[in-house]
Structures are given as structure tokens and as C-alpha cells.
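The values are calculated or read from the model by the stated rules, or taken from the named source; none is laboratory data. The structure displayed is predicted, hence computed values, not measured ones. Here the Cβ positions follow ideal geometry from the backbone for every residue, glycine too, while neighbour counts run over all protein chains shown.
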Amino acid sequence: MKKVLITGAAGFLGSHLCDRFIKEGYGVIAMDNLITGDLKNIEHLFKLEQFEFYNHDVTKFIHIPGELDYILHFASPASPIDYLKIPIQTLKVGALGTHNLLGLAKEKGARILIASTSEIYGDPLVHPQTEDYYGNVNTIGPRGVYDEAKRFQESMTMAYHRFHGLETRIVRIFNTYGPRMRLNDGRVIPAFMGQALRGEDLTVFGDGLQTRSFCYVDDEVEGIYRLLLSDYSYPVNIGNPNEITIKDFAEEIIKLTGTDQKIIYKPLPQDDPLQRQPDISKAKELLGWEPLIGREEGMKRTFDYFKTLSTEELQKTEHRDFSERNNR
Ligand code: UDP
């Protein structure tokens, strides 16, 4: 049985990756320090013999007994609210954590895939974003801790590839959504869905004309899986190119949830990218991959998930809004 180590395994993407690798018959070693992850996302796997969980912080030395075929490094806070709350950990997990995992991959002769992000393009001046665009990042802004950690992570990974001949893969993940997103992570989809379910108005930041392109989690996982098994070592964008303004998106959510909430406008957080859309030509060509699940279907599935959450869970998210993002 092939063995894979997945870091950030109790998080949104990490937990879906665990499910996928279990389904493919791998032995899965799941690692998380549970700062932003939640064991609820993987508790259904605990009974399986092919699954193990280590509660460990990857910025500390990592010891895994036995052989390892693949490593997927998905540990990191991944929402603007989290970077503001835990900026040092965000920098450390992208930098020191990545270094430890590259060292582990070298030691085990394992192939490693690291989770990079569209954030490395910053507030992009090239649209849509192709992999050869170098980006426009404010190193010292509130998002800099995430963006620069991820940029460093890419450099470090390429250095291990070139210097040590390590088998490496780099996925640049664009906005992804689906069940198990944390309701209070501050990202726009859980924020709007939480607001709709609590009967509150939807908070659009800025004039709402900024754009994003949202990819359903199953599509994202399929792209990542194919990239891992490919023989391509340079970064590949994986995301859904279907772009929408945040204002139009808020209107779609109001329609979907059947609520009569209004849209209210709040200040735009600092360095919030004005536009984002992946160019996925590379993924299409190299991996034969493109997203299959449209926003209507994906959002319906995601809303069905949020509807299953208890009132108590829903209330916990009430006090987290833009002011928390701006006033730090
Ligand atoms: N956003 C919003 N209202 C919210 C949360 C976010 O209008 O309650 C906006 C945010 O300013 C950004 C977009 O939605 O322009 C996506 O934000 P998110 O934090 O989900 O992701 P990112 O900015 O990292 O793409």
C-alpha cells in the first residue's frame, strides 16, 4: 500500500484530500496542530486501519516511522482573518514547516506537493493570471505574511528540486469552496451563507466590483491529485475560471438561500485584490483537467452543508466581520 502524509489534514482542503487518498486505497498519515483545523472534518476516518492521525505542528521537527511515498503540504491558515489573527504562525508554517517537510521528503525519497496560492500574484496587473506572471504583492501589508510565506515556499521547493533532485510539485490554488469550510473563517462564502442563515444582511466590502473565480472542492482535489501523479515540477494553476463580481455573487446567494436580506456595504480591506481569474491552459494541457461543477450546483451543495450546522455553531460567527480585518 502506498503511503501519503497530508499536513493540514483537519482543514477544509486537507480533509477532502484525506478522503480522496483513502478512496484510492492509500495509507494516509494525517497531520494537523488544530489551530485552524477541526477534527470533526476527519473523525469519520479514525476507524479505518489505513488512516492515522498525528497532532503535530509542522514547524517543529517531524518524525514519521517507516516508508513514505508522497507528501502533500496543506498546513496553513488560509483566510485573511486568520492571517491577521496568527501572522507569525502563518509565516512559520509556510517557511519553516515547508523546510521540515522538504527535508522529510528528501530523507524518505518521497515526492512532495506543496499548496501554493493565487495570492502569490497579489493584486494582479495581468488578467487572467498565467503561471509565468510574477505578481504584485505588498510585502509589508496584512496579507504579506501569507503571500510572502507562500512565495518563499515556492522558492524553497524549487531549490530542493534543483539542488537535491527532489521530486516536487507546486499547485497554485485559486478560491475554492465546499462543505467543511469553517463558518467563521471570514471568507466570503461562509460569511454570506452564515449571514443568510442568521437572517442578517450580506456584507459586501468596497463597491463589490472586485472579482473572484470560485472552484468547487471536488474539482480542486481532482486537479491536485492529477498534478501529484504527473511529472511536471513547475507551478500549475488549479481553479475555476468562471469569474464574478462580489456584488453579483451576493445577489446569487440571496436567490439561492431564498432569503430577503439586503446587501450592505463595508470598507474594502487593505490590499484586497481587485480581480482574480486563473488561466488554466497549463492544467488542461498537462493534466487533461478542467472544472466540471458549475457555481449553481456547487453552491447548492455547499449551502446544504451549512444548513446542517446547529444554531449554536451559527451564532458563534456573529462577531467576526470586516472591522476585525481592518483594525489590527
Ligand atoms: N468579501 C465581502 N464580504 C465578506 C467577506 C469577503 O465582500 O463578508 C469580499 C472580500 O473583500 C474579497 C472577496 O469577498 O474581495 C473574497 O474574499 P475572501 O476573503 O473570501 O478571499 P480572498 O480575498 O482571499 O480571495
Task: Hits in region 91-127 (condition: touching a residue at least 60 places away in the same chain (Cβ under 8 Å), among the aliphatic types (A, V, I, L, M) and more than 16 Å from the ligand (Cβ to nearest atom)) - done: 95, 101, 102, 104, 105, 110, 113
TODO: Collect the residues in region 239-248 that are polar (S, T, N, Q) and part of a helix (DSSP H, G or I), keeping them in residue-number order.
DONE: none
Task: Only listed residue being in contact with a helix residue (DSSP H, G or I) (Cβ under 6 Å, 6 or more places away or on another chain), buried (at least 24 other Cβ atoms within 10 Å of the Cβ) and either closer than 24 Å to residue 32 by Cα or hydrophobic (A, V, I, L, M, F, W, C) (or both), chosen from 157, 98 - done: 98
TODO: Would you be able to say whether some residue in region 164-185 is surrounded by 20 or more Cβ atoms within 10 Å (Cβ to Cβ), of a type in the set (A, V, I, L, M) and without any contact (Cβ under 8 Å) to a residue 24 or more places away in the chain?
DONE: no
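If a residue must be basic (Lys, Arg) and closer than 18 Å to residue 101 by Cα, how many such residues does region 3-53 contain?
From region 3-53, those basic (Lys, Arg) are 3, 20, 23, 40, 47; that's our starting set.
From what is left, the residues that are closer than 18 Å to residue 101 by Cα are 3.
Looking only at that region, the number is 1.
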- [ ] For region 83-130, enumerate the residues that are closer than 26 Å to residue 212 by Cβ and assigned to a strand (DSSP E or B).
- [x] 113, 114, 115, 116, 117, 122, 129
Task: Which numbered condition residue 234 misses (of (1) over 27 Å from residue 21 (Cα atoms); (2) more than 9 Å from the ligand (Cβ to nearest atom); (3) in a loop (DSSP other than H, G, I, E, B); (4) not hydrophobic (A, V, I, L, M, F, W, C)) - done: (1)
Task: Tally, over region 66-82, of residues that are assigned to a loop (DSSP other than H, G, I, E, B), surrounded by fewer than 24 Cβ atoms within 10 Å (Cβ to Cβ) and modelled with pLDDT of 95 or more - done: 4
Task: Hits in region 11-45 (condition: within 17 Å of residue 56 (Cα to Cα), surrounded by 18 or more Cβ atoms within 10 Å (Cβ to Cβ) and without any contact (Cβ under 8 Å) to a residue 40 or more places away in the chain) - done: 18, 28, 29, 30, 37, 42
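Residue by residue through region 201-249, note down the ones that are within 19 Å of residue 297 (Cβ to Cβ) and among the small types (Gly, Ala, Ser).
Correct list: 213, 223, 239.
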Task: Number of the exception - residue 217 against (1) surrounded by fewer than 21 Cβ atoms within 10 Å (Cβ to Cβ); (2) of a type in the set (A, V, I, L, M); (3) modelled with pLDDT of 95 or more; (4) away from the ligand (no atom under 12 Å from the Cβ) - done: (1)
Open item on the list: Filter region 169-213 down to the residues that are near the ligand (Cβ under 9 Å from one of its atoms) and within 15 Å of the chain's Cα centre (by Cα) and list them by number.
Closed with: 174, 175, 177, 185, 186, 187, 188, 189, 190, 212
Task: Condition check for residue 139: farther than 21 Å from residue 240 by Cα, surrounded by 23 or more Cβ atoms within 10 Å (Cβ to Cβ) and out of contact with any Pro (no Cβ under 8 Å at 6 or more places or on another chain) - done: no
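One line per residue, one yes/no per condition, for (1) farther than 30 Å from residue 270 by Cα; (2) surrounded by 16 or more Cβ atoms within 10 Å (Cβ to Cβ); (3) in contact with a Leu (Cβ under 8 Å, 6 or more places away or on another chain):
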position: 64; (1), (2), (3): yes, yes, yes
position: 84; (1), (2), (3): no, yes, no
position: 88; (1), (2), (3): no, no, no
position: 118; (1), (2), (3): no, yes, no
- [ ] Would you check which residues across region 1-57 are closer than 18 Å to residue 90 by Cβ and assigned to a strand (DSSP E or B) and list them?
- [x] 7, 31, 32
